[in-house]
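Engineer: Below you will find the structure I want to go over with you.
Every number here is computed from the coordinates shown, using simple stated rules; none is lab data. As the structure is a prediction and not an experimental result, all values here were calculated from the model. Cβ placement follows ideal geometry from the backbone for every residue including glycine, while neighbour counts extend to all protein chains displayed.
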Amino acid sequence: MNVLARSVRAAAKPIRLARFYASEAPASTDALRLTFVVPHKTLYQTTTVQQVNLAATSGDMGILANHVPTIEQLNPGVVEIIESSEVTKKFFVSGGFATINPDSSLNINAVEASPLEELSLE
């Protein structure tokens, strides 16, 4: 009986719960920082841009600052980089990956990328 009483007493002790607080959210930024590379060359190195539009396997995406972090596989298609309201550049990519980070940085690693104006239909 003594063993049973000790077991009940041990089970009835209040359980101490520790509180943990979430870390502070990173400061939001209004700028998207783009790094765009191919195996032989860096096209953009931590360059501030307004928006990047790309074709991912999950669908077409428009990426702005403070986008939800994700990793996307790129489909062959056009990557549109909107540097400012006046300047937009387009590249054809054969595939690759885009990594969107919590600090509003976007890394695009493409197998091949060519400026759209350098391509011909012939």
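Engineer: Show me, for region 77-86, the HN-Hα J-couplings you get by feeding each phi into the Karplus relation (A = 6.51, B = -1.76, C = 1.60, θ = phi - 60°), rounded to Hz, glycine and proline as x.
Structural biologist: Listing the rounded values in order: x, 9, 9, 9, 10, 9, 6, 8, 5, 9 Hz.
Engineer: For a label point 7 Å from the Cα of Thr42 along Cα→C-beta, name the residues of region 86-116 whose backbone N is under 17 Å from it.
Structural biologist: In region 86-116, the label zone of Thr42 (backbone N under 17 Å from the point 7 Å along Cα→Cβ) covers 99, 105-110.
Engineer: Related question: Could you pull out every residue, at least 5 positions away or on a different chain, whose amide H is within less than 5 Å of the one on Thr48? Hs are placed 1.01 Å off N in the peptide plane, and Pro or chain starts have none.
Structural biologist: So Thr48 has HN proximity to Leu34.
Engineer: Next question. Quick one: compute the contact order of region 28-117, relative version, from alpha carbon pairs under 8 angstrom and 6+ residues apart, as a percent.
Structural biologist: The normalised contact order for region 28-117 reaches 31 percent.
Engineer: Another question, then. Give me, ordered by chain and number, the residues 5 or more places off Glu112 or on other chains with an amide H under 5 Å from its own placed amide H.
Structural biologist: Under 5 Å from the amide H of Glu112: Ser94, Gly95.
Engineer: If each of Val87 and Gln50 carries a label point 7 Å out from its Cα toward its Cβ, how far apart are those two points in nm?
Structural biologist: It works out to 1.3 nm between the two label points.
Engineer: Subtract the Cα-Cα distance of Gln73 and Glu122 from 0.36 nm times their separation in residues, and report this length gain in nm to one decimal.
Structural biologist: 14.8 nm
Engineer: Most exposed first by the Cβ proxy, i.e. fewest other Cβ within 10 Å, how do Glu122, Glu72 rank?
Structural biologist: Arranged by neighbour count, lowest to highest, Glu122, Glu72 become Glu122, Glu72.
Engineer: Once amide H atoms are built 1.01 Å from N in the peptide plane, which residues 5 or more positions from Leu43, or in another chain, come under 5 Å H to H?
Structural biologist: Those lying under 5 Å, H to H, from Leu43 are Phe36, Val37, Val38.
Engineer: To check my understanding: the extent here is largest minus smallest coordinate of the Cα atoms along each principal axis. What are those three numbers for region 28-117, in Å, largest first?
Structural biologist: 32, 28, 23
Engineer: Find out how many positive minus negative residues lie around Val111, taking Lys and Arg as positive, Asp and Glu as negative, among other residues whose Cβ is under 15 Å from that of Val111.
Structural biologist: Net charge in that neighbourhood comes out at -1.
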